[in-house]
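One structure below.
The values are calculated or read from the model by the stated rules, or taken from the named source; none is laboratory data. All values reported here derive from a predicted model rather than from experimental measurement. Cβ atoms come from the backbone with ideal geometry, glycine included; neighbour counts cover every protein chain shown.
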Amino acid sequence: MEEYENTPALDAGLLAAAQAVEHYEISRYGTLRIWVGKLGHRDAVKLLDATLAEQKKSDDALAKLAISAINAEAA
């Protein structure tokens, strides 16, 4: 990271890492949502559906940022 400090390449790398975290979270929350649904916990399903929607929205925002600016600047 020091080698690319204050460069668009570092921004692109950090953004990619943030998206990886979002994808992990989407995967985990999706799995939990299925499990609690199978167990009949309807309130938990609603909460996890809301959390999944938030995570997907964050991932979409990061993807748009990458496509519209960060990756082009880093190229």
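Matching residues to (1) at pLDDT 95 or above; (2) among the aliphatic types (A, V, I, L, M):
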position: E5; (1), (2): no, no
position: G13; (1), (2): no, no
position: T31; (1), (2): yes, no
position: L39; (1), (2): yes, yes
position: V45; (1), (2): yes, yes
position: T51; (1), (2): yes, no
position: I70; (1), (2): no, yes
- Task: Taking A63 as the residue in question, decide whether it is part of a helix (DSSP H, G or I), surrounded by 15 or more Cβ atoms within 10 Å (Cβ to Cβ) and modelled with pLDDT under 95.
- Result: no
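Being under 15 Å from the mean Cα position of the chain (by Cα) and assigned to a helix (DSSP H, G or I), is that true of even one residue in the stretch 29-37?
yes
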